[in-house]
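Comments concern the structure below.
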Amino acid sequence: MIEITEHVRNVLLEVAKNKKIYVEGNFLKILKAPKGDKEFIEYLKLCKEKDITTRKKRLEITKQVQKQNKELVSKQEETDALMEELQVALESAKQSEEVANQLREKAEERKDKALEDLEVMQKKTQFELISTIVKVALVVIIGVGIITTVMYALALTTGSDTQIIGSTWSNMFGILLTNAFSIVGTIMGVKYATEKE
């Protein structure tokens with residue numbers, strides 16, 4: 001314990017009275033009031049009470065700061081977790097968009113291929129139809145030509161009058177040739193008119 005001199009005592013009391021500054025902390029534990037000095041004993045009691053009050057306030061502030069720090073740490077952890085979830089969601093969205101783009105590209109490719117196949121099928125069907133029409137027309141033309149020729153030949157060999165059959169025969173061949181060229185021309189015109197550039 002440290003005994004206080006008269007001068008130190010007076011200075012401490014004066015500072016407390018004028019400036020409201022009191023001795024605090026562990027230093028209070030080693031101060032000893034002079035015997036019989038009630039004023040200084042009261043001063044030390046007041047210092048201890050103020051010290052206890054100050055320590056309580058500091059402790060409350062420390063606890064409050066610690067609580068706020070815990071809350072901040074908790075909020076930071078929540079924020080970090082949300083950021084990670086957001087990052088995962090963004091990556092997932094990006095991957096989904098890439099997959100959607102790939103699917104869209106494949107769908108476009110399949111559509112183009114289907115359109116090409118359809119066009120090929122249409123051309124093939126048109127070609128087959130044209131071939132069938134040409135074959136039937138040629139069979140009809142050749143058949144009529146053969147029948148007319150056979151009839152003309154029979155008329156010649158039997159000695160019948162060939163003047164009517166001869167003119168009919170030549171007219172028939174002219175008509176057949178005209179019709180054959182007309183059919184082929186129509187088919188070719190339709191074929192080229194339906195083709196896309």
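Rule-based calculations on the coordinates, nothing more; no lab input. Being a predicted model, the structure only gives us computed values, none of them experimental. All Cβ positions, even for glycine, are placed from backbone atoms using ideal geometry, and neighbour counts span all protein chains on display.
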| note | Note: among Ser170, Ser92, just one is over 60 Å from the mean Cα position of the chain (by Cα) and surrounded by 10 or more Cβ atoms within 10 Å (Cβ to Cβ), namely Ser170
| field | Any chance Gln102 is more than 21 Å from the chain's Cα centre (by Cα), surrounded by 10 or more Cβ atoms within 10 Å (Cβ to Cβ) and assigned to a helix (DSSP H, G or I) | value | no
| task | Take segment 49-69 and flag every residue that is among the basic types (Lys, Arg), surrounded by 11 or more Cβ atoms within 10 Å (Cβ to Cβ) and farther than 19 Å from Val11 by Cβ. | result | Arg55
